[in-house]
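First up is the structure itself, then whatever we jot down about it.
The values are calculated or read from the model by the stated rules, or taken from the named source; none is laboratory data. As the structure is a computational prediction, the values presented were derived from the model and not from experiment. Note: ideal-geometry Cβ built from the backbone for every residue, glycine included; neighbour counts use all protein chains shown. In case anyone asks, the SASA skips ligands and DNA or RNA and just uses the protein heavy atoms, side chains included. Shrake-Rupley method; radii C 1.70, N 1.55, O 1.52, S 1.80 Å.
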Amino acid sequence: MKRERLGVMPLNGFWEFRRDPGGVGSEEGFYEGFESEYLLAVPASWNEQVPELMNYMGIAWYARRFTVPKAFEGLRAWLVFEGVNYRAEVWLNGRYLGGHEGGFTSFRLEAPVEYDSENLLVVKVDNTLTPKSVPPGRGLHGFEGPYFDFFHYGGIHRPVRVEFTGPSWVEELAVTAHADGRLRAVVRTGGEEPDRVYVKVLDEGKVLYSGEAAREERGVYAIEGLVRGIKPWDIGRGRVYKLVVDVYTESLADSVYEYIGFRDFEVRSGKLLLNGREVRLLGFGRHQDFPVFGRYLPEPVVVRDYAMMAKLNANSFRTSHYPYSSADLDYADRMGVLVILEAPLVGLREEHFRDREYLEKCKRVLSEMIREHRNRPSVIMYSVANEPQSWLDEAVPFLKELANTVRSLDPTRPVTFTSHAHMAGRDDKALGVADVISLNFYHGWYTLHGDLEAAIRRVNEDLEEVHRRYPNKPILITEFGAGAVAGLHSDPPEMWTEEYQAELISRYIDLFSSKGYVKGIHIWNLVDFKTPQSHWRVVLNRKGVLTRTRQPKLAARVVAEKFGRLKMGGGTAEEA
Ligand code: GCB
């Protein structure tokens, strides 16, 4: 949901920063002013901006002064944080405003700003990783650190701004838009009960549809209708329309907008259907990771990632392993790229499945993610978790409750989670919970080192077994790949070389595309990315088809050619 009409002030730029010296009472005074240790850029992770901060995990304080022009006086001001990793607490002019837990969803706090004089905004950020964080872990390094394989960055890593509204405002907006132009929008307001709520749909400034939403209950307004003259949203044709909601009390009290797309996506008879046509997902798992910026993917790099995905003939990706920034997903909406939106529930274990409080926390994270991104045409499916220990009986009720939470919040999209039980030689007990089965394979990398013949045989056996047990469910391959250090070569192909990665990916794609029930092929990963240090990573996880600076390895050519052929209707499922 975007806001600009009543005023918005970005707070990106340089912020004062200091690590918490620890000890009793260290919090006191910081929210009234403190000596800065570094001047850091926001948005960005703190870690790579200054070498001394690379491995800092713990509490850090950020401060920023800003002045709100007198012209805004009389409006209500809100501080909007698009993402702070991991816990945030916020003070304005020495007054505590509130906090938020979770690094990848946005939050908003009402801010009693002073007009025409300096405001001091102080944010306490704590990225201490615990077994109860989402995602969980115990520290920064090695196998015993994070329960996940990406670097645990910290800081204010997504944009911050002040937004202004009148006495009534939009809290939540849920839009369903079909390929034939049918539209339903539900608006939940906060503050004073508005007099009127208007919804309109614009095509490059031209009004295609407008109407007053009817009051359904206190604060809730809905409108339903047919928008004429639209073209459906499709793969590679991300036709978006601006849906605007104007809330009036005596005068305009709030105005928000979203870019929506008219499209239908469903899973029927084991198939994925977009606008009634069968599609096969071709693409990657990605990460929001870039040198120096850390977990913030600057806009030019977002553009580069999509340009490279297009060159590689990809039509989709998964937001492994957390919901991505608005900028990234806005780009997917505009480019016509299909997205599996994944929650940051990575590496869940037995201890989590038994923990009711943790389950509630996970549900809260899922609900924040869905409320934030549910109006995006690009998002076709939700992944509630990556590689939980789903061979355990206890995983089943836990994952079922997560899936049902998602379905009750948004019944329009299928639910999946990615499974690697077969890699551990175990049966996945929870696959029945998912509408679509997602499998990760690493034979020929973590098992059967260097033996691609045997690896492909094993993948085939594992895959056939899952299909035999769930013959009616579509299967996505959400991960497979091999590490390759760019510039390392060998003939015959050996592990860690570009040739081995290219060969493994090529053989895997040939196998998957020969199976009619495999409805998606996602390579791990689009790019090399930063991980905790350990003996099994060469500074980075090297499974990118592109380097961390987005240059191609040998595998890129293979992928472009294979995906290109599948896109044109090769294999069994067709994407027109
Ligand atoms: C996986 C994980 C992913 C890792 C990948 C790897 O199964 O889902 O987060 O990065 O394997 O490279 O080991």
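Odds and ends about this structure:
- The order of Trp391, Trp496 by accessible area, most exposed first and with a 1.4 Å probe, is Trp496, Trp391.
- Residues with amide H under 5 Å from that of Val227, placed H, sequence gap 5 or more: Arg182, Leu183
- 5 angstrom amide H check on Tyr322, placed H, neighbours 5+ away: Glu342
- Principal semi-axes in Å for region 49-191 [√(5λ), Cα gyration tensor, largest first]: 32, 25, 12
- Violating pairs (Cα-Cα greater than 19 angstrom) within the set Lys311/Lys562; Lys231/Lys271; Lys429/Lys473; Lys311/Lys530: Lys231/Lys271; Lys311/Lys530
- Taken over the Cα atoms of region 265-575, the convex hull encloses 125 Å³ per residue.
- Across region 536-547, computed HN-Hα scalar couplings (Karplus, 6.51 cos²θ - 1.76 cosθ + 1.60, θ = phi - 60°) run 9, 10, 9, 6, 10, 6, 9, 7, x, 7, 10, 6 Hz from first to last residue, x flagging Gly and Pro.
- Length available on full extension from Glu193 to Ala307: 0.36 nm per residue minus the Cα-Cα distance, which gives 36.5 nm.
- Amide H contacts under 5 Å for Ser316: Leu282, Phe284, Leu338, restricted to partners 5 or more places along the chain or on a different chain, H placed in the peptide plane at 1.01 Å from N.
- D (Stokes-Einstein, µm²/s), Kirkwood Cα radius, region 327-379, 0.692 mPa s at 37 °C: 260
- Measure of compaction for region 113-209 (Cα Rg per 2.2 N^0.38 Å): 1.74
- Value of Rg to Rh for region 487-542 (Rh from inverse mean 1/r over Cα pairs, i.e. Kirkwood): 1.05
- Binning all Cα-Cα separations of region 221-365 at 10 Å, short to long from zero, yields these whole-percent fractions: 9, 28, 31, 24, 7, 0.
- Put simply, the convex hull of the Cα atoms in region 404-523 casts, on average, a shadow of 8.2 nm².
- Percentage relative contact order, region 2-164, counting C-alpha pairs under 8 Å, at least six apart: 32
- Table column - 3J(HN,Hα) (Hz), region 386-403, Karplus curve with 6.51, -1.76, 1.60, x for Gly and Pro: 10, 6, x, 6, 7, 7, 8, 4, 5, 5, 5, x, 4, 5, 5, 5, 5, 4
- Karplus-derived HN-Hα couplings along region 438-444 (A = 6.51, B = -1.76, C = 1.60, θ = phi - 60°), whole Hz, x at Gly and Pro: 10, 10, 10, 10, 10, 5, x
- Summary value for region 168-260: 32 percent relative contact order, contacts being C-alpha pairs under 8 angstrom separated by 6+ residues.
- Here Tyr241 sits with roughly 10 square angstrom of accessible surface, probe radius 1.4 Å.
- What you get for region 455-547, charging only the Cβ of Lys and Arg (+1) and of Asp and Glu (-1), is a dipole of about 480 debye around the Cα centre.
- The Rg/Rh ratio of the chain, with Rg taken over Cα atoms and Rh as the Kirkwood radius over Cα pairs, comes to 0.97.
- Accessible area in square angstrom per residue, region 357-418, 1.4 angstrom probe: 30
- Assuming charge only on the beta carbon of Lys and Arg (+1) and of Asp and Glu (-1), the dipole of the chain about its Cα centre is about 1540 debye to the nearest 20.
- Accessible carbon and sulfur surface of the chain relative to its total accessible area, %, 1.4 Å: 49
- Volume per residue for region 168-260 equals 85 cubic angstrom (convex hull of Cα atoms).
- Fraction in percent of alpha-carbon pairs per bin - 5 Å, region 337-468: 2, 10, 20, 20, 17, 14, 10, 5, 2, 0
- Dipole in debye (nearest 20) - region 168-260, about Cα centre, beta carbon charges: Lys, Arg +1; Asp, Glu -1: 580
- Over the chain, DSSP H runs of length four or greater, each weighted -39,500 (n - 2.57), average out per residue to a 222 nm ellipticity of -6000 deg cm²/dmol.
- In this structure Val220 has an accessible area near 20 Å², from a 1.4 Å probe over the protein heavy atoms.
- Straightening the chain between Asp491 and Asp116 buys 128.1 nm, computed as 0.36 nm per residue apart minus the Cα-Cα spacing.
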